[in-house]
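Before we start, here is the structure in question, set down as structure tokens.
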Amino acid sequence: MTSVLRTPTQDRTRALLLRDDRRARTELMLRLMYSSSAAAQVLHALDDGTSLDTTTAAVFATVDFRALAVERAARLRNLSRHLQRTCPPLWACLGEDVLTPLVEGYADAEAFWQSEGRTLFENFCLYAHRAVAGASRLHADVLQLFGLIGRFSAPELIAPPPDVCACTTGIPGEGLDASRGADSPWNAGHLPAPTVPGALQVEGFHSAWRLVDERGRLPRSLPDARFGERGSYHIVVAAFPGDKVSAAALEL
């Protein structure tokens, strides 16, 4: 007998359907406003008579799932616009054809509800980096570069503090956790961060592409001649006082 593998999002949705408390129902409703797979799972559970908490089943039986789909599409558009406004160069570089499916996948994933980085944008880049790494190392490296830049330059874009309900703001996640500041979720590729005079914080990673030209300019499109020949580079991002961020590519 073969077992069916479920995603963390499916497991969480199932757990919420079995609980009889307002907090669980509030979280589940908010998830349905972003996740199409969670909405399909709830609708299927209601249709096939799966054993559910009776009160939760009664509440969600009143939901208009067609209207919910319209609401979800609007929220996904708002999420995409928010991320694009946070870092227009990333959208110019990779384009909507690459990034729109990643935004939709992010909203449908458990990573959407968990705060790994300092900002919502960095959390998206972490998810997208992992999602594309197997298919395109170049895209993954571009996402890591812009994710690090976002990590250092936009602390005000972090999701609401823990005492603010996400359902009142429309942005899920936790508030800024200062204790996480030194623990980066990014993989540096076993390369120690170089010493950069005057920098408050420095992170880097290995890439087979230059990614940053000799003047510190970032790629604006793919392919971009400024990437230069493929090789071995240490991509370094540094934060300086005054909310300044600098990037460089050091040849290895």
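The values are calculated or read from the model by the stated rules, or taken from the named source; none is laboratory data. The model shown is predicted, which means the values in this text are computed figures rather than measured ones. No Cβ is skipped: glycine too gets one built from the backbone with ideal geometry, and neighbour counts run over all protein chains shown. Remember, those area values only see protein heavy atoms, side chains included, never the ligands or the DNA or RNA. Shrake-Rupley method; radii C 1.70, N 1.55, O 1.52, S 1.80 Å.
Measure off, as a whole percent, the carbon and sulfur share of the 1.4 Å-probe accessible area of the range 57-118, all protein chains present.
Here it works out to 53 percent.
Can you give me the C-alpha center-to-center distance between the range 78-121 and the range 129-149, rounded to a whole angstrom?
Taking the Cα centre of each part, the range 78-121 and the range 129-149 sit 12 Å apart.
At 7 Å along the Cα-to-beta-carbon direction for both Ala73 and Leu250, put a label point, then send me their distance in nm to one decimal.
5.0 nm
To the nearest 20 debye, what charge dipole does the range 1-112 have about its Cα centre, counting +1 at the Cβ of each Lys and Arg and -1 at the Cβ of each Asp and Glu?
Dipole size: approximately 320 debye.
For Phe65, what charge total do you get from the other residues with a beta carbon under 14 Å from its beta carbon, if Lys and Arg give +1 and Asp and Glu give -1?
Within the 14 Å Cβ shell, the charges total 0.
Would you list Leu120, Leu46 from the most to the least accessible area, probe 1.4 Å?
From most exposed to least exposed: Leu46, Leu120.
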